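Beneath this line is the structure, given in structure tokens, with notes to follow.
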Amino acid sequence: MSIRPVHDWNGEYRSYDLLKEIVIAFVVMALLSVGLAFVFGSAQRQAVTFKEWATQDPGDFLSTALAQLDGTSDIATYGPPYTSNLDAAQSLFGWFSPQRLAGVTTPIDASRDLVLDPLGTFATDGSVLRSAIDEYQSATVEQRTQWFDAYGKALDAAGLQAATVAPDAAGPLPTMLHTMLTLAQSGAVDAALIDDVPGHPGFFVMDYTRSQLYIADGKYFDDIGLTDGLGGDQWGMAATLGNWPGQIWLLPVSFWYQFPPASTSDNGDIIVLGIVGLLALVLVLIPFIPGLRTLPERLGVYRLIWRRHYRAVATGPDDH
């Protein structure tokens, strides 16, 4: 097989200002981005707020607030890094659990942090709300359980009239939770959950952890995601709203959530993490794995991609 000789370049040379081309490309793309955003707007919907949630579905808001207060919500029972409930931590092979190893790094007491403290910022001395909070906090566990049960049953039966639920057997809960609903509908709860972050009081607080976890506990937020095709069983991790392109690089992760065991196990997240991690390790070690490292050469796909080059090599150098 002959090798084509390397010839000296006898053609024309032109100067090329790479820096100038980069600046021009940057300016053009920036103007296009700003112009298209101005004309078409963002592909994303506005963030879900407590005001929207409490206005559009007050029943779901009250149910979620009750679950935060009685400790049955998803975040209240999540486990590390938010609570010390180690039984809720996901594990692989029954013993490998990054959640347990990391421990509680962002402690959240759902009852206090998501309901009582926000309400307390609006409870003035001598007010009905302050009396209700004091009555709740001084009650026994058994008394609170009775109140939770009575209010929950009345809420389930109320349907669209959830905002009017006020059973006498629920003690101070109607006052507390209906005030929470009114505050949420006014937009005050959004600010309270951000401004009252422990250790970060005052101005320029950017920690939205508690408010986002609170909203994510509600059925209203789930329904929006399912309607927009963003559910876990809808390849939602690799999707986005409408017909806009999604995060295609997340397809290898989202893929495994569509099938057992990840789609059916309580340990689905760490199972997917293990599968993707193993595949990534195999990819990195391909040059060292006998059989796999020579697979591209044996398949000969490279010859199809570079067919013009190999055709030229086979025919020899150009006559001219």
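The values are calculated or read from the model by the stated rules, or taken from the named source; none is laboratory data. None of the values given here were measured: they were computed from a predicted structure. Cβ placement follows ideal geometry from the backbone for every residue including glycine, while neighbour counts extend to all protein chains displayed.
Of the helices (runs of 4 or more DSSP H) that lie entirely inside segment 14-94, those containing 2 or more residues that are assigned by TED's automatic domain parsing to the domain that holds residue 220, touching a helix residue (DSSP H, G or I) at 6+ places or on another chain (Cβ under 8 Å) and not hydroxyl-bearing (Ser, Thr, Tyr) span 50-56, 58-70. Any residue at all in segment 212-220 that is aromatic (Phe, Trp, Tyr) and either buried (at least 20 other Cβ atoms within 10 Å of the Cβ) or at pLDDT 90 or above (or both)? Yes; the residues of segment 212-220 include at least one that is aromatic (Phe, Trp, Tyr) and either buried (at least 20 other Cβ atoms within 10 Å of the Cβ) or at pLDDT 90 or above (or both).
Using the structure shown, decide if residue 80 is farther than 30 Å from residue 186 by Cα and surrounded by 14 or more Cβ atoms within 10 Å (Cβ to Cβ).
On the way: farther than 30 Å from residue 186 by Cα: yes; surrounded by 14 or more Cβ atoms within 10 Å (Cβ to Cβ): yes.
Against the criterion (farther than 30 Å from residue 186 by Cα and surrounded by 14 or more Cβ atoms within 10 Å (Cβ to Cβ)), residue 80 qualifies.
Residue count for segment 46-74 under the criterion of being within 20 Å of the chain's Cα centre (by Cα), surrounded by 22 or more Cβ atoms within 10 Å (Cβ to Cβ) and farther than 17 Å from residue 190 by Cα: the result is 1.
Annotation: of all residues in segment 281-299 being β-branched (Val, Ile, Thr) and at pLDDT 90 or above, the one that is farthest from residue 252 (Cα to Cα) is 284. Picking from residues in segment 182-196 that are under 25 Å from the mean Cα position of the chain (by Cα), in a helix (DSSP H, G or I) and not small (Gly, Ala, Ser), the one that is surrounded by the most Cβ atoms within 10 Å (Cβ to Cβ) is 189. Just one of the numbered conditions (1) under 30 Å from residue 44 (Cα atoms); (2) surrounded by 10 or more Cβ atoms within 10 Å (Cβ to Cβ) is not true of residue 297: (1).
Please go through segment 251-281 and pick out each residue that is hydrophobic (A, V, I, L, M, F, W, C), surrounded by 11 or more Cβ atoms within 10 Å (Cβ to Cβ) and closer than 18 Å to residue 92 by Cβ.
Here is the first cut: in segment 251-281, the ones hydrophobic (A, V, I, L, M, F, W, C) are 251, 253, 255-256, 259, 262, 270-273, 275-276, 278-281.
Those left that are additionally surrounded by 11 or more Cβ atoms within 10 Å (Cβ to Cβ): 251, 253, 255-256, 262, 270-273, 275-276, 279-280.
Hits for segment 251-281 are 253, 256, 262, 270, 271, 272, 273, 275, 276, 279, 280.
If the condition is being within 13 Å of residue 213 (Cβ to Cβ) and either touching a residue at least 60 places away in the same chain (Cβ under 8 Å) or in contact with a strand residue (DSSP E or B) (Cβ under 8 Å, 6 or more places away or on another chain) (or both), then segment 46-85 contributes 48, 50, 64, 67, 68, 73, 74, 75, 82.
Residue count for segment 153-169, restricted to those that are farther than 19 Å from residue 184 by Cα and either part of a loop (DSSP other than H, G, I, E, B) or in contact with an Asp or Glu (Cβ under 9 Å, 6 or more places away or on another chain) (or both): 2. Screening segment 134-152 for residues that are small (Gly, Ala, Ser) and assigned to a helix (DSSP H, G or I) and picking the one that is nearest to the chain's Cα centre (by Cα) gives 152. Residue 102 fulfils the conditions (1) of a type in the set (A, V, I, L, M); (2) within 22 Å of the chain's Cα centre (by Cα); (3) crowded, with 16+ Cβ neighbours inside 10 Å except for a single criterion, (3).
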